[in-house]
Amino acid sequence: MPSLRNLLQEAQEKRVAIGHFNISDLVLLKAVFAAAQEVDVPVLVGLSEGEREFVGVRQIAAAVRSLREEFDFPIFLNADHTHSLAKGLEAARAGFDSIVFDLSALPIEENVRQTKQAVEALKAIHPSMLVEGEIGDIGTGSEIHESAPDLSKGLSTPEEARQFVESTGVDILAPAVGNMHGMLKSMVQGETKKRLDIERIAGIKRAAGVFLTLHGGSGTDDEDLRKAIAAGINIVHINTELRVAWRRGLEDGLAKHPDEVVPYKILPPVVEAVKQVVASRLRLFNGEGRFARGA
Ligand SMILES: [Zn+2]
């Protein structure tokens, strides 16, 4: 089984990205895994602190490991948006493959100081652990927002990215490049799309020289996503699109079986709805299957 680092390196060489999908129950995990098997590409599943709290840190680590081992399939586990070292250490000890250490809400000096400490402490547990740091403002909450926050002042610059990576030693950087957590109602309805600053991504890639993650990918223009990947994005996070599909699938399942109480008879439409979203995003990130997992 190749390591996540090796797969990221391979993705970088092939100019494709690995899809990262947030999960908070076994239905979502089942759907993401089924989609990755169908498209036959590696996949990352992630859980924020809130999502981990709900599922259980060691429980989800055991579930993902069991899929990886039983199916000999490259599915990896990320501790998304971790705001304290204690929570990061908990995930690292449970066997997570990567940690997103997110102190982007703090002043940059404090973000640098604490992220550097976290990189050292997390790698002391597993030297192969990948640590991601965050700079800039991309908003919070993978939910449906009424109005768009003004994030223009929080965009990342190449110089800031270079300094942050040099000072902290992170393996992966998550910059603010026009992306945003959550979706607007108009995006859920397909009327508007998020647009990305491709030049900024290319500049940050040259300056920082590390793997780059795009957070808040839900509702982004397809062509912008392709260009962003060509410009140096290696991981794309999708959460809200899955949550929307999960809810619609559930409403569908309940409506189709108004008197049913058996969960495994109600839930298949949820799995199918989420699987479709994930498979379509994976195909886009992998440019018509150039990154077959066995290749
Ligand atoms: Zn995020």
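General observations
- Globularity ratio of the chain, using Cα Rg and 2.2 N^0.38 Å: 0.95
- Measuring between their Cα centroids, region 163-183 and region 198-244 lie 11 Å from each other.
- Rounded to the nearest Hz, the phi-derived 3J(HN,Hα) couplings of region 140-152 under the Karplus curve 6.51 cos²θ - 1.76 cosθ + 1.60 (θ = phi - 60°) are 10, x, 7, 9, 8, 9, 5, 9, 7, x, 7, 9, 4, where x marks glycine and proline.
- Set of lysines with alpha-carbon distance to LYS205 below 30 Å, sequence-local pairs under 8 removed: LYS14, LYS87, LYS116, LYS123, LYS153, LYS193, LYS194, LYS227
- Gain on full stretching of the segment that runs from THR192 to ARG15 - 0.36 nm per residue minus C-alpha separation: 61.1 nm
- Protection proxy ranking for 63-70, 252-259, 128-135, using the average of other Cβ atoms within 10 Å per residue and placing the highest first: 128-135, 63-70, 252-259.
- Across region 161-208, the mean sequence separation of Cα contacts (distance under 8 Å, 6 or more residues apart), normalised by length, yields a relative contact order of 50 percent.
- The distance between label points at ARG226 and ARG247 comes to 3.1 nm (points 7 Å beyond Cα on the Cα→Cβ vector).
- Amide proton proximity set for THR220, modelled H, under 5 Å, gap of 5+: LYS194
- Relative to the current alpha-carbon distance between ALA292 and ALA148, full extension at 0.36 nm per residue lengthens the span by 48.2 nm.
- Only Cα pairs under 8 Å and 6+ residues apart enter the sum, and on that basis the relative contact order of region 172-295 stands at 22 percent.
- Positive minus negative residues near LEU106 (Lys, Arg vs Asp, Glu; Cβ under 15 Å): -4
- Looking at region 199-278, the GluC sites (Glu not before Pro) that sit in a DSSP loop and have at most 15 other Cβ atoms within 10 Å of their own Cβ are GLU260.
- Förster radius 51 Å - calculated FRET efficiency between SER167 and HIS257, Cβ distance, rounded to 0.05: 0.35
- Between the amide H of PHE211 and those of LEU173, distances stay under 5 Å, these residues lying 5 or more places away or on another chain, with hydrogens modeled in the peptide plane.
- Under the Karplus curve 6.51 cos²θ - 1.76 cosθ + 1.60, θ = phi - 60°, whole-Hz ³J(HN,Hα) for region 46-59, x wherever Gly or Pro sits: x, 9, 6, 4, x, 5, 5, 4, 6, 8, x, 5, 6, 5
- Shown here: region 87-215, whose C-alpha atoms stretch 47, 32, 23 Å along the first, second and third principal axes, sorted largest to smallest.
- Counting only residues at least eight positions apart within a chain, or on another chain, the lysines with an alpha carbon under 30 Å from that of LYS265 are LYS30, LYS256, LYS275.
Rule-based calculations on the coordinates, nothing more; no lab input. None of the values given here were measured: they were computed from a predicted structure. All Cβ positions, glycine included, derive from the backbone under ideal geometry; neighbour counts span all protein chains shown.
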